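Engineer: Structure provided below as structure tokens; questions to follow.
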Amino acid sequence: NIDPENVQMKWAIDFCAQALRNITIGKGGKMDGFEMESGFQITVSSEIMAILAIARDLKDLRERMGKIVVAYDKSGKEVTTADLEVDGAMTAWMVETLNPTLMQSIEGQPVFVHAGPFANIAIGQSSIIADRIGTKLSDYHVTESGFGADIGFEKFWNLKCRMSGLKPNAVVVVATIRALKMHGGGPTVKPGMPLDEVYTKEKLELVEKGCENLVAHIETVKKSGVKPVVCVNSFHLDTPAEIELVRKIAEENGALAAVSSHWLNGGEGAVELAEAVIQACEEENDFKFLYDLKTPLRKRIELIAKEVYGSSGVAYTDTALEKAKAHEADPISETLGTCMVKTHLSLSHDPDLKGRPKGWELPINDILVYKGAGFIVPLAGGIKLLPGTGSNPAYRKIDVDVNTGKVQGLF
């Protein structure tokens with residue numbers, strides 16, 4: 001009795017194809033399935049990837065697989081993977097993925113690669129399992145959160161730490177001079193296009209203005225009660241004056257600061273950063289969440305929007321408002337976290353608003369529910385769950401040398 005107009009789950013694919021975001025399936029006849037609207041999302045934004053990131057063990061993974069809401073029936077009742085009797089097979093398919101991939105850096109440092117990135121459209125965290133193993137095997141464990149403190153760290157802070165029970169001793173915010181110049185009013189940077197000269201010459205006024213964005217990230221980390229460390233990811237075109245300006249502003253706003261040239265000098269180039277992280281870890285912190293799980297959904301969204309993004313308020317479409325009210329009326333919502341979907345290119349929902357924008361509202365266009373993963377997913381702005389191809393796709397440069405059989409143009 002599934003309502004064909006209320007199917008929640010989409011297809012997942014690791015491919016950039018805007019034409020697959022919204023499709024019609026089942027065309028042809030009875031043997032071709034039921035005709036209905038559907039679509040694709042990129043694999044890392046799927047609920048299954050989210051479950052992989054936050055599952056604590058195989059038993060937890062199995063239980064979560066059965067809670068995924070696939071659709072609603074015509075009376076409005078949830079239809080789950082367990083109802084469809086596919087949860088066991090889904091778990092069987094995922095058993096091997098539960099083990100983190102052990103790799104190493106060029107210098108031989110052990111590295112776990114596990115779960116998907118993209119904190120703009122997903123939880124964007126390395127897995128809880130990898131973190132739990134790493135903290136047992138090493139004196140210092142470094143875990144990654146995708147993009148900036150507004151989305152990557154916010155989800156680490158209020159979702160992952162809540163689910164894992166682990167608390168950070170230090171938080172590193174990575175910045176580049178080039179990115180700060182763009183946030184300070186520099187021209188748009190387009191992949192594959194030559195850089196404007198403001199990014200290749202010393203421009204202290206742009207760096208200083210762009211640091212308003214950096215300060216916003218520092219303040220977000222400080223609200224969690226943890227000491228922030230600003231890492232200036234140094235490039236050969238950065239000038240000493242630009243680097244020292246960022247260091248000065250970071251320290252004035254309560255962060256430790258370090259310059260890292262690891263891309264050029266390997267581990268030796270990251271010694272200053274490592275020492276700053278150790279110093280931050282030795283300081284006492286008062287880690288605390290931004291919101292309690294008993295906080296109503298719309299209040300949580302407002303807290304994140306105002307305290308982290310810097311908005312003046314939140315606006316809802318009729319669809320999103322109806323769903324928010326329904327979730328707030330459901331007692332189960334008090335057990336679910338809030339996983340925001342928002343562009344990574346701005347503190348706001350608008351990728352063109354750089355720096356630290358003021359006087360704007362966060363528009364919530366829709367709300368998804370990932371009950372298997374354990375969170376509600378508000379969608380802000382016009383962000384898409386499946387990327388599209390760029391105007392100059394990399395595949396145009398790829399070919400094969402027919403004499404040697406070697407692939408060319410990958411790098």
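Engineer: I need the full set of residues from the stretch 83-113 which are among the aliphatic types (A, V, I, L, M) and within 27 Å of Ser145 (Cβ to Cβ), in order please. Give the derivation first.
Structural biologist: Pass one, the stretch 83-113, residues among the aliphatic types (A, V, I, L, M): 84, 86, 89-90, 92, 94-95, 98, 102-103, 106, 111, 113.
Of everything in the stretch 83-113, those that are among the aliphatic types (A, V, I, L, M) and within 27 Å of Ser145 (Cβ to Cβ) turn out to be Met90, Met94, Val95, Leu98, Leu102, Met103, Ile106, Val111, Val113.
Engineer: Let me ask something else. Only one residue in Val229, Val198 is hydrophobic (A, V, I, L, M, F, W, C), buried (at least 16 other Cβ atoms within 10 Å of the Cβ) and not in a helix (DSSP H, G or I), so which one is that?
Structural biologist: Checking each option against the conditions leaves just Val229.
Engineer: When the stretch 310-357 is examined, which residues are found to be of a type in the set (Val, Ile, Thr) and either over 18 Å from the mean Cα position of the chain (by Cα) or outside any loop (DSSP other than H, G, I, E, B) (or both)?
Structural biologist: Matches in the stretch 310-357: Val314, Thr317, Thr319, Ile332, Thr335, Thr338, Val341.
Engineer: Oh, and also: Which pairs have Cβ atoms under 6 Å, sit 6 or more apart or on different chains, and link a residue in the stretch 204-222 that is at positive phi to one that is surrounded by 24 or more Cβ atoms within 10 Å (Cβ to Cβ) and at pLDDT below 95?
Structural biologist: Filtered contacts from the stretch 204-222: no entries.
Engineer: Continuing with the same structure: Among the residues in the stretch 384-395, are any assigned to a loop (DSSP other than H, G, I, E, B), touching an Asp or Glu at 6+ places or on another chain (Cβ under 9 Å) and surrounded by 14 or more Cβ atoms within 10 Å (Cβ to Cβ)?
Structural biologist: No, the stretch 384-395 has no match at all.
Engineer: I'm checking my understanding of the structure. Among residues of the stretch 279-309 that are in a loop (DSSP other than H, G, I, E, B) and among the basic types (Lys, Arg), which one is nearest to Lys222 (Cα to Cα)?
Structural biologist: Only one residue fits best here, namely Lys288.
Engineer: Those residues that are out of contact with any Lys or Arg (no Cβ under 8 Å at 6 or more places or on another chain) and closer than 22 Å to Glu251 by Cα, I need them from the stretch 282-307; list them, please.
Structural biologist: Hits for the stretch 282-307 are Glu282, Glu284, Asp286.
Engineer: If a residue must be crowded, with 16+ Cβ neighbours inside 10 Å, in a helix (DSSP H, G or I) and under 27 Å from the mean Cα position of the chain (by Cα), how many such residues does the stretch 244-271 contain?
Structural biologist: Qualifying residue count for the region: 6.
Let's see how each residue does on (1) over 28 Å from Asn6 (Cα atoms); (2) touching a strand residue (DSSP E or B) at 6+ places or on another chain (Cβ under 7 Å); (3) not basic (Lys, Arg):
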{"position": "Tyr291", "(1), (2), (3)": "yes, no, yes"}
{"position": "Ile301", "(1), (2), (3)": "no, yes, yes"}
{"position": "Leu336", "(1), (2), (3)": "no, yes, yes"}
{"position": "Gly359", "(1), (2), (3)": "yes, no, yes"}
{"position": "Ile364", "(1), (2), (3)": "no, yes, yes"}
{"position": "Lys371", "(1), (2), (3)": "no, yes, no"}
{"position": "Gly374", "(1), (2), (3)": "no, yes, yes"}
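Engineer: Do you know which residues across the stretch 154-207 are over 25 Å from Glu284 (Cα atoms), among the aliphatic types (A, V, I, L, M) and out of contact with any Asp or Glu (no Cβ under 7 Å at 6 or more places or on another chain)? It would help to see each step written out before you state the result.
Structural biologist: Of all residues in the stretch 154-207, those over 25 Å from Glu284 (Cα atoms) come to 176-207.
Now narrow it down to the ones that are among the aliphatic types (A, V, I, L, M): 177, 179-180, 182, 189, 193, 195, 198, 204, 206-207.
Passing the criteria: Ala179, Leu180, Met182, Val189, Met193, Leu195, Val198, Leu206.
Engineer: Answer yes or no: is there a residue in the stretch 366-380 that is without any contact (Cβ under 8 Å) to a residue 12 or more places away in the chain and either of a type outside the set (Val, Ile, Thr) or surrounded by 17 or more Cβ atoms within 10 Å (Cβ to Cβ) (or both).
Structural biologist: Checked against the condition, which is being without any contact (Cβ under 8 Å) to a residue 12 or more places away in the chain and either of a type outside the set (Val, Ile, Thr) or surrounded by 17 or more Cβ atoms within 10 Å (Cβ to Cβ) (or both), the stretch 366-380 yields no hits at all.
Engineer: It is to be established whether one or more residues within the stretch 233-241 are surrounded by 22 or more Cβ atoms within 10 Å (Cβ to Cβ) and assigned to a strand (DSSP E or B).
Structural biologist: no
Engineer: Could you tell me whether the stretch 59-73 includes any residue that is free of Cβ contacts under 8 Å to residues at least 60 places away in the same chain, of a type in the set (A, V, I, L, M) and surrounded by fewer than 14 Cβ atoms within 10 Å (Cβ to Cβ)? Quick ask: steps written out before the conclusion?
Structural biologist: Residues of the stretch 59-73 that are free of Cβ contacts under 8 Å to residues at least 60 places away in the same chain, as a first pass: 59-63.
After this cut, where a residue has to be of a type in the set (A, V, I, L, M) as well, the list is 61.
Adding the requirement that they be surrounded by fewer than 14 Cβ atoms within 10 Å (Cβ to Cβ) leaves none.
So far as the stretch 59-73 goes, no, none of its residues is free of Cβ contacts under 8 Å to residues at least 60 places away in the same chain, of a type in the set (A, V, I, L, M) and surrounded by fewer than 14 Cβ atoms within 10 Å (Cβ to Cβ).
Engineer: Please give the number of the condition Cys211 fails out of (1) surrounded by 14 or more Cβ atoms within 10 Å (Cβ to Cβ); (2) in contact with a Cys (Cβ under 8 Å, 6 or more places away or on another chain).
Structural biologist: (2)
Engineer: Let me ask something else about it. Would you please name the residue that is nearest to Pro240 (Cα to Cα), looking only at residues in the stretch 179-195 that are free of Cβ contacts under 8 Å to residues at least 60 places away in the same chain and crowded, with 21+ Cβ neighbours inside 10 Å?
Structural biologist: Ranking the qualifying residues of the stretch 179-195, first place goes to Lys181.
Engineer: Can I ask one more? In the stretch 283-303, what residues are touching a residue at least 24 places away in the same chain (Cβ under 8 Å) and under 17 Å from Val171 (Cβ atoms)?
Structural biologist: Residues satisfying the conditions are Glu283, Asn285, Asp286, Phe287, Lys288, Phe289, Leu290.
Engineer: Still on this structure, please answer the following. Which condition does Trp157 not pass, out of (1) outside any loop (DSSP other than H, G, I, E, B); (2) modelled with pLDDT under 95; (3) not small (Gly, Ala, Ser), if it passes all the others?
Structural biologist: The one condition Trp157 does not meet is (2).
Engineer: Might you let me know whether the stretch 352-364 holds any residue that is surrounded by 15 or more Cβ atoms within 10 Å (Cβ to Cβ), β-branched (Val, Ile, Thr), under 26 Å from Cys16 (Cβ atoms) and modelled with pLDDT under 95?
Structural biologist: No.
Engineer: For the stretch 53-106, which positions are aromatic (Phe, Trp, Tyr) and either at positive phi or touching a strand residue (DSSP E or B) at 6+ places or on another chain (Cβ under 8 Å) (or both)?
Structural biologist: Once the filter is applied, which keeps residues that are aromatic (Phe, Trp, Tyr) and either at positive phi or touching a strand residue (DSSP E or B) at 6+ places or on another chain (Cβ under 8 Å) (or both), the stretch 53-106 yields only Tyr72.
Engineer: Something else now. Give just the number: which of (1) within 20 Å of Asn120 (Cα to Cα); (2) in contact with a His (Cβ under 7 Å, 6 or more places away or on another chain) does Pro351 not satisfy?
Structural biologist: Failed condition: (2).
The values are calculated or read from the model by the stated rules, or taken from the named source; none is laboratory data. Keep in mind that this is a model prediction, so the values were computed, not measured. Cβ sites come from the backbone with ideal geometry, for glycine too, and all protein chains shown count toward neighbours.
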